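Encoded as C-alpha cells, the structure appears first; notes follow it.
The values are calculated or read from the model by the stated rules, or taken from the named source; none is laboratory data. All of these numbers come straight from a predicted model, not from anything done at the bench. Glycine gets a Cβ as well: all are built from the backbone with ideal geometry, and neighbour counts include every protein chain shown. In case anyone asks, the SASA skips ligands and DNA or RNA and just uses the protein heavy atoms, side chains included. Shrake-Rupley method; radii C 1.70, N 1.55, O 1.52, S 1.80 Å.
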Amino acid sequence: MCGIVGYVGKQDAIPLLIDGLKRLEYRGYDSAGVAVLDSAGLSLRKAVGRLSALEDILHLTPLGGRPGIGHTRWATHGPPTEANAHPHTDDSGRLAVVHNGIIENYKELREELEKKGHRFSSQTDTEVIPHLIAQELKDGAPDTLTALRNALSRARGAYAVGVLSADEPNTVFAARHGSPLIVGIGSGEYYIASDVPAILSRIREVIYLNDGEIAALRTDGVNVYTLAGQRVQPEIHAVTLQAEAAERAGFETYMLKEIHEQPRVLRNLIEKHSDLSDEFELSANYFRKLNRIMIVACGTAYHAGMYGRLLLEHFTGLAVETDLASEFRYRDPKIDPGTLLIPVSQSGETADTLAGIRMARNWGCKVLSICNVPGSSVVRESDAVLFTEAGPEIGVASTKAYTAQQMAFALLALHIARARGTLNESEIAQCLTDLRKVPDAIHLVISRKETIRAIAGKHHDGPSSLYLGRKFNYPTALEGALKNKEISYQHAEGYAAGEMKHGPIALINEYLPVVCICTQTRDEVYDKMISNMKEVEARHGRIIAVATEGDTLVKEIAGDIIYVPAIRDEFSPIVNVVALQLLAYYAAQARGTDIDKPRNLAKSVTVE
Ligand code: F6R
C-alpha cells in the first residue's frame, strides 16, 4: 500500500528510483512521483496513473540529481491527482516527503499549521509532514533530523516516510511507525524501500527499521536514532534472497510465474519441516497444555486460516476458531493465556492482522505466526514464526503464498497432533507420505493449463459466477471466487455447497457458471456434493467441476471438467485451488485485465 524508495550515493538517483518504483508498483499504482536534489535545489516530477506516465514525463522534461526519493501511491486521502501525488513539499519547496500509512490527526495539525500561515496544496494527510518539519525548523530546531523527530512525535497513526531537504545535501532521512520500511546497504551507496525485493540487486545487507526509529542515510554511512534522539545500534542482516527471485523469468506475468513456482515452494517447505521436530519455537509441552487456537487473517490468508482450522480440528482435537482480522479486532472474544493466536499473512504488514496480534498479546496469549516476509512487523511481534518461504510474491493476487500457508498449516497440525498424541507415529508417517504427493499433483494440474484456458474461454463473459465446495474444500470455493473477482472483475461468490439451497440457488439459470469442487473420495461429503451438482444441473446451471481423475460420475453431470490427481481428502484443497487460480487467470486474460495489478487493489494493506 504505497511504495517508497530512496537513494543516497554517487550515481544519478532517477534511474535507480524508477527501477525501485517499478518493483514496488504492486503496492499501489494510481500516481507516482520522484524528487531529487540538483543545481536548482529540490526538483520534482509527478504523474497520475501508472509509473509509465511518470516515465513519459521524465522523458519530456528530464531530471537528474542525487540523492532522491520516490513514491507510488494507493490513494487514501484525496483522489489520484497530480496535486495529491507524492512527494509533498513545504511552502519553501526545500523539503520533500514521501509517505506510506495514515496520519490520523492530520486535520487538527493542518488547521494549526494553516493558522500559522502554511499553505496546503493537496487533500492528503501526508502534506502535514513537510509543513510540520518546516515549522519545527522555524521554531528553532537546529537541523532537519531534530525537526523531523519533533514533527513525527506529533503525528498519530502509521507512517513510513522518506525525507529530502535542500539544506542537507547527500542525505535522505527515513522513519517508520507501523508501516514497513527498510534501509538497504550497497557498496558505497544506501537505499530506503518499502521492501527488500525493490532494491534486491543493489544491496548486500539490510536494516529492518523498528517502529519509532529514524535513520539518516548519508554518503558515508547510516545512523539510526529513536524518536527521542538516542542513537541505536541497528542489527544488520545479510540479504539471502537471490535477485532472480524478484524477476518475471520469461513468464508473461508475475502471477503466472508464481503459480508455476508452487511445486518447488511446497517441496522445499515439506522437506524443511518434515521431521516435525520442535522447530516452531514453542515446546511440545506448550502444545500439550494448549486449550484453544484462534486464527486471524485477511483475504486470501483468511481462507488459508479457514482451511487451517479444519485441519487442526481434525488432526489435533483442539477447539479452533478462525476470524477475519478486521472483525476480530472489534469483538470481545473470550480469549485467555491458554489460547494460541495464529496470525496468517503473506506480507507481514497487514494492519488488521497486526492489531489482532497486539490484542492477543495484551491478553497474555502466545503468538505463532505463519508469514512469508522475514523482518516484517508480524514476524517481529510474534513469539514464534512458521515461515512459508515462498519467496517474493509480486503479483497482487496471492497464489504461491496461499498454498504455502496451507502447507504450513498441514505441517503444524501434524506437529501439534504428535505433541498431543492425537495421531500415532504411523498415522503421521502416512500423512507425510500423502503430503509429499502434493507438489507433483500441482505440477500435473499446471500441465493441464491449456484445458483450463479453454474452459475459462467459454465462461468468462457473464456478469457472475458461483463457486461451491464443502468441508475441506469450502475455503477452496471462497478462494477460487476471490481470485476470479480480483483479477477478472467478474463477480464471483464462494458458497458452502450445502447452503446453496438456502438462497443462491435462486441465481441459477443457463447463463450462470457454477464451479463445483468435488474431489472428495473417501468421505461423506462426496455424495452430498454430487446431489448439489444435480440440483444445479436441474436448473440448467453451467457446471464446471474440479474432480478426481477417472471420476466418471462427475463427468456425467458437469458441462466442463478439470481433472486433478487423487490426493488424500485433507490435503486436496492445496491441489484443487491451483486449478481455480488458473481458471481465474485465463478468465482475466480473456477479459483483458491487468492481471498483476488489478484495479483498485494493492498488495500489503497497511491501513485499516
Ligand atoms: C488476495 C490477496 C489479499 C491478501 C490480504 C492479506 O489475492 O492477496 O486478499 O491475502 O490482503 O494480505 P497478507 O497475507 O499480506 O496479510
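Overview of values
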item	result
Residue satisfying all of: in segment 229-240; in a loop (DSSP other than H, G, I, E, B) and closer than 30 Å to Leu152 by Cβ; most open to solvent (accessible area, probe 1.4 Å) among these	Gln233
Search result, residues across segment 334-360 that are more than 11 Å from the ligand (Cβ to nearest atom), buried (at least 18 other Cβ atoms within 10 Å of the Cβ) and part of a loop (DSSP other than H, G, I, E, B)	Ile335
Of all residues in segment 366-380 being modelled with pLDDT under 95 and more than 13 Å from the ligand (Cβ to nearest atom), the one that is least open to solvent (accessible area, probe 1.4 Å)	Gly375
Entirely in segment 1-111, the strands (runs of 3 or more DSSP E) that have 3 or more residues that are open to solvent by less than 10 Å² (accessible area, probe 1.4 Å)	3-8, 31-38, 68-73, 95-103
Selected residue (criterion: surrounded by the fewest Cβ atoms within 10 Å (Cβ to Cβ)) from residues of segment 477-510 that are within 16 Å of the ligand (Cβ to nearest atom) and of a type in the set (S, T, N, Q)	Gln490
Residue list for segment 546-599, restricted to those being over 30 Å from Arg23 (Cβ atoms) and without any contact (Cβ under 8 Å) to a residue 24 or more places away in the chain	Glu549, Gly550, Thr552, Leu553, Lys555, Glu556, Gly559, Ile561
Members of segment 576-603 that are on the phi > 0 side of the Ramachandran plot and under 18 Å from the mean Cα position of the chain (by Cα)	Asn600
Subset of segment 96-145 [more than 29 Å from the chain's Cα centre (by Cα), within 20 Å of Glu82 (Cβ to Cβ) and among the charged types (D, E, K, R)]	Arg110, Arg119
Test: residue in segment 192-201 that is over 23 Å from the mean Cα position of the chain (by Cα) and in a strand (DSSP E or B)	no
Search result, residues across segment 533-554 that are of a type in the set (D, E, K, R) and in contact with a Leu (Cβ under 7 Å, 6 or more places away or on another chain)	Arg542
Considering residues of segment 246-283 that are part of a helix (DSSP H, G or I) and acidic (Asp, Glu) only, the residue farthest from the ligand (Cβ to nearest atom)	Glu271
Residues being among the polar types (S, T, N, Q), in a helix (DSSP H, G or I) and open to solvent by less than 10 Å² (accessible area, probe 1.4 Å) - total across segment 441-476	2
Residues that are in contact with a helix residue (DSSP H, G or I) (Cβ under 6 Å, 6 or more places away or on another chain), buried (at least 16 other Cβ atoms within 10 Å of the Cβ) and not aliphatic (A, V, I, L, M), drawn from segment 511-553	Pro513, Cys516, Cys518, Thr519, Gln520, Asn532, Glu537
Filter result for Ser398 (touching a residue at least 60 places away in the same chain (Cβ under 8 Å) and open to solvent by 10 Å² or more (accessible area, probe 1.4 Å))	yes
Yes/no for Val320 being at pLDDT 95 or above and part of a helix (DSSP H, G or I)	no
Pick from segment 284-306, criterion assigned to a loop (DSSP other than H, G, I, E, B) and more than 16 Å from the ligand (Cβ to nearest atom), ranking: surrounded by the most Cβ atoms within 10 Å (Cβ to Cβ)	Leu290
Qualifying residue in segment 261-283 (condition: buried (at least 16 other Cβ atoms within 10 Å of the Cβ) and over 29 Å from Gly395 (Cβ atoms))	yes
Members of segment 381-391 found to be away from the ligand (no atom under 12 Å from the Cβ) and either polar (S, T, N, Q) or open to solvent by less than 10 Å² (accessible area, probe 1.4 Å) (or both), listed by number	Ser382, Ala384, Leu386
Hey, Leu432 closer than 21 Å to Glu261 by Cβ and surrounded by fewer than 24 Cβ atoms within 10 Å (Cβ to Cβ) or not	no
Residue within segment 260-269 that is under 30 Å from Thr422 (Cβ atoms) and at pLDDT below 95 present	no
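For every residue, the table says whether it meets (1) within 24 Å of Ala158 (Cβ to Cβ); (2) outside the structural domain of Thr593 (by TED's automatic domain parsing); (3) among the basic types (Lys, Arg).
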{"residue": "Thr353", "(1), (2), (3)": "yes, yes, no"}
{"residue": "Gly356", "(1), (2), (3)": "yes, yes, no"}
{"residue": "Arg361", "(1), (2), (3)": "yes, yes, yes"}
{"residue": "Cys365", "(1), (2), (3)": "yes, yes, no"}
{"residue": "Pro374", "(1), (2), (3)": "yes, yes, no"}
{"residue": "Arg380", "(1), (2), (3)": "yes, yes, yes"}
{"residue": "Ala384", "(1), (2), (3)": "no, yes, no"}
{"residue": "Met407", "(1), (2), (3)": "no, yes, no"}
{"residue": "His415", "(1), (2), (3)": "no, yes, no"}
